[in-house]
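The values are calculated or read from the model by the stated rules, or taken from the named source; none is laboratory data. The structure displayed is predicted, hence computed values, not measured ones. Cβ sites come from the backbone with ideal geometry, for glycine too, and all protein chains shown count toward neighbours.
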Amino acid sequence: MGLFTPNIEKLIDNDDVEGLLKLLSHRKSDIRLQAFLALSRKKDQTIIENLKTLLKDPDPKVQAVATLRFGELEKANILSNIRRIILNGTQREKIEALRLIASKGKTENPEISKILYLALQDKRQLVKIEAMRAMGAVKDIYSEKHLIDMLEDKSSYIRTEAVKALGDLATETCVDPIIGSLIDNHHDVRKAAQDALKKIGTSKALNAVHDAPFMLLVKRMTEGEAVRRETTIQIGVKRIREAVPLLQKACFDEYKNIRMEAVKALGLMREKSAVPTMIKLLDDPFFDVRIETVRALEKIFDYSALLGLDKAMKTDKNRVVRNEAQKAYYSLKSRLEAAGMQNS
């Protein structure tokens with residue numbers, strides 16, 4: 001090849017296969033890698049045979065991607081090289097590498113999980129999205145928590161892809177967060193949640209999209225502030241257990257009054273499963289939301305709620321909240337100790 005760096009982006013955009021094939025022998029490894037990634041999804045047997053020559057490429061990063069395309073992932077050195085691409089590659093390289101991982105199908109390899117999580121931390125949205133798609137494609141159970149966290153991302157594109165990936169995982173733990181996304185403030189997320197629940201197909205998942213009374217609750221929780229607030233209150237007063245995922249989603253509503261009513265309702269229902277969500281509200285920017293969260297946690301007879309109160313008691317920046325948390329902490333602590341539930 002010549003001394004000049006080829007305009008590989010132009011070759012890719014023009015789908016210039018011949019030009020890209022020539023670059024598989026370029027003196028620069030990064031050029032060889034980009035050409036390989038651009039050609040990796042082609043079905044033509046001649047192209048595939050040319051790509052296979054890079055299985056013996058002198059550069060470990062190029063060899064790793066070639067192995068990812070044509071071989072197995074189990075070798076530690078291959079995974080470490082893929083990790084380097086996710087850390088230091090271009091956006092296109094990262095995306096294509098993630099797509100190759102996804103093409104391998106289901107895996108339980110924790111090292112691949114680590115690579116996917118690393119990609120999820122990327123600053124570029126397109127890489128994050130591809131990471132989530134790969135998580136769903138390989139059915140990575142270790143990604144479940146990270147995908148659930150993505151349901152509160154500011155970007156509706158990220159939330160939509162997180163819902164879709166959770167639907168691909170289709171674990172029991174995924175169902176409640178997806179149900180909560182039925183009341184997301186963006187139509188695409190709500191539609192993705194409906195599709196994901198139908199895809200999962202369990203009785204609980206299908207009930208959320210077919211049961212008329214529940215669908216009415218969902219509808220009301222997507223209307224104006226006043227309607228959402230009143231519906232949130234009624235769910236708590238009437239102890240509607242199947243609506244707990246809606247309350248947990250409402251804990252992150254844009255209006256603080258709805259967040260307050262949601263956490264109050266969870267407290268009224270003594271909902272232990274919602275404690276992790278409630279604890280997140282201890283970081284709410286409004287002190288009155290944090291106070292209601294402290295009061296709600298006191299009602300939940302569980303050690304994890306006590307840990308949340310301990311955090312608020314020691315670290316909240318507002319003296320009133322700290323005092324309220326201290327009273328709640330010792331009240332709940334004494335009740336747990338009396339019942340023999342206090343951890344040593």
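Here's the yes/no breakdown for (1) part of a loop (DSSP other than H, G, I, E, B); (2) out of contact with any helix residue (DSSP H, G or I) (no Cβ under 9 Å at 6 or more places or on another chain); (3) at positive phi; (4) not aliphatic (A, V, I, L, M):
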position: Leu118; (1), (2), (3), (4): no, no, no, no
position: Lys139; (1), (2), (3), (4): yes, no, yes, yes
position: Tyr142; (1), (2), (3), (4): no, no, no, yes
position: Ile148; (1), (2), (3), (4): no, no, no, no
**Prompt:** If we keep just the residues of segment 98-116 that are within 12 Å of Arg133 (Cα to Cα) and part of a helix (DSSP H, G or I), which is nearest to the chain's Cα centre (by Cα)?
**Reply:** Leu116
**Prompt:** Do you know which residues across segment 199-229 are under 16 Å from Val263 (Cβ atoms) and of a type outside the set (Lys, Arg)?
**Reply:** Met221
**Asked** Do we find that Glu242 is buried (at least 23 other Cβ atoms within 10 Å of the Cβ) and touching a helix residue (DSSP H, G or I) at 6+ places or on another chain (Cβ under 7 Å) in this structure?
**Response** no
**Message:** Residues that are in a helix (DSSP H, G or I), surrounded by fewer than 17 Cβ atoms within 10 Å (Cβ to Cβ), free of Cβ contacts under 8 Å to residues at least 12 places away in the same chain and over 25 Å from the mean Cα position of the chain (by Cα): does segment 204-211 have at least one?
**Reply:** yes
**Entirely in segment 1-61, the helices (runs of 4 or more DSSP H) that have 2 or more residues that are closer than 17 Å to Leu100 by Cβ, more than 32 Å from the chain's Cα centre (by Cα) and touching a residue at least 12 places away in the same chain (Cβ under 8 Å)** = 45-52
**Prompt:** If you check Thr160 against the conditions, is it at pLDDT below 95 and within 16 Å of the chain's Cα centre (by Cα)?
**Reply:** no
